[in-house]
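Here is the structure we will look at.
The values are calculated or read from the model by the stated rules, or taken from the named source; none is laboratory data. Remember, it's a predicted structure, so these values are computed and weren't measured experimentally. All Cβ positions, even for glycine, are placed from backbone atoms using ideal geometry, and neighbour counts span all protein chains on display. Heavy atoms of the whole protein, side chains included, go into the accessibility calculation; ligands, DNA and RNA do not. Shrake-Rupley method; radii C 1.70, N 1.55, O 1.52, S 1.80 Å.
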Amino acid sequence: RPPEVFADFEGRNYGAWTVEGEAFGEAPAKGTLPEQQAVSGFKGKGLVNTYLGKDGPLGKLVSPAFTVQRPFITFLLGGGGHENKTCINLVVNGKVVRTAAGRNNEELEPRNWSVEDLAGKQARIEIVDVESGGWGHINIDQIELSDEPQSGHAGPLEELPDYGSMALAFAGKATTVGEQTLPPDAVFAVNESRTANLLKIGRAHV
């Protein structure tokens, strides 16, 4: 089934969402706010952007209650990386059951919550800004209820937020599967394609 748009923040105000504090203003932002780094990655013309008045103002935006009926909740997220302070939360029975913070980046990136275990429960989404220091703001757009997670970052591999290294370790003896072997402690560049069988290796890095 196609995703169901829960909130796209394209309206003249926040509709049925409850606004607390001053960080969110009276209506969604229309992009980058004064003295803010360029904001990108949002859909349409509107988004939640709490850089209104810079990082100082605080507040919370709370959705109407809804019943969890799809296995995923997806959204676009940017802004500050302060856990529990510049974040989006899923609240069930007054308890935060899912949360996500930004990565100190004004580009909104696709994020997903798997919520199949919460099917049938009443929930609310709250967008929180209770941080007034550096990166004390959050950007949110295009909250959807979906049968599938949305695809993630589409940029170069080395620019992925979780870009790094991976280690493979083997316990016990490896099984001979061919003549090619991967040398112990092998290291390859991330953009270098290699094919090898793993043969009697205690530890390898790829």
Could you grab the pairs with beta carbons closer than 7 Å, sequence gap of 6+ or different chains, first residue in region 87-102 and farther than 16 Å from Leu58 by Cα and open to solvent by less than 50 Å² (accessible area, probe 1.4 Å), second one among the aromatic types (Phe, Trp, Tyr) and modelled with pLDDT of 95 or more?
-> Leu90/Trp113
Out of Gly79, Gly41, Gly94, sole residue that is of a type outside the set (A, V, I, L, M, F, W, C), over 21 Å from the mean Cα position of the chain (by Cα) and on the phi > 0 side of the Ramachandran plot | Gly94
Just wondering, is there one or more residues in region 70-88 that are basic (Lys, Arg) and over 22 Å from Gly11 (Cα atoms)?
-> yes
Tally the residues that are open to solvent by less than 10 Å² (accessible area, probe 1.4 Å) and either of a type in the set (D, E, K, R) or within 20 Å of Thr18 (Cβ to Cβ) (or both), restricting the search to region 129-144.
-> 7
Test set (1) part of a loop (DSSP other than H, G, I, E, B); (2) more than 16 Å from Thr32 (Cα to Cα); (3) acidic (Asp, Glu) - Asp55 fails condition number | (2)
For region 33-48, which residues satisfy the criterion of being crowded, with 16+ Cβ neighbours inside 10 Å and part of a loop (DSSP other than H, G, I, E, B)?
-> Leu33, Gln36, Val39, Gly41, Phe42, Gly46
Within region 115-128, which residues are surrounded by fewer than 22 Cβ atoms within 10 Å (Cβ to Cβ) and either outside any helix (DSSP H, G or I) or hydrophobic (A, V, I, L, M, F, W, C) (or both)?
-> Val115, Leu118, Ala119, Gly120, Lys121, Gln122, Ala123, Arg124, Glu126
For residues in region 1-32 being open to solvent by less than 20 Å² (accessible area, probe 1.4 Å) and not in a loop (DSSP other than H, G, I, E, B), which is nearest to Val130 (Cα to Cα)?
-> Ala29
Restricted to region 49-66, and to residues that are under 22 Å from Ala123 (Cα atoms) and open to solvent by 50 Å² or more (accessible area, probe 1.4 Å), which residue is farthest from the chain's Cα centre (by Cα)?
-> Ala65
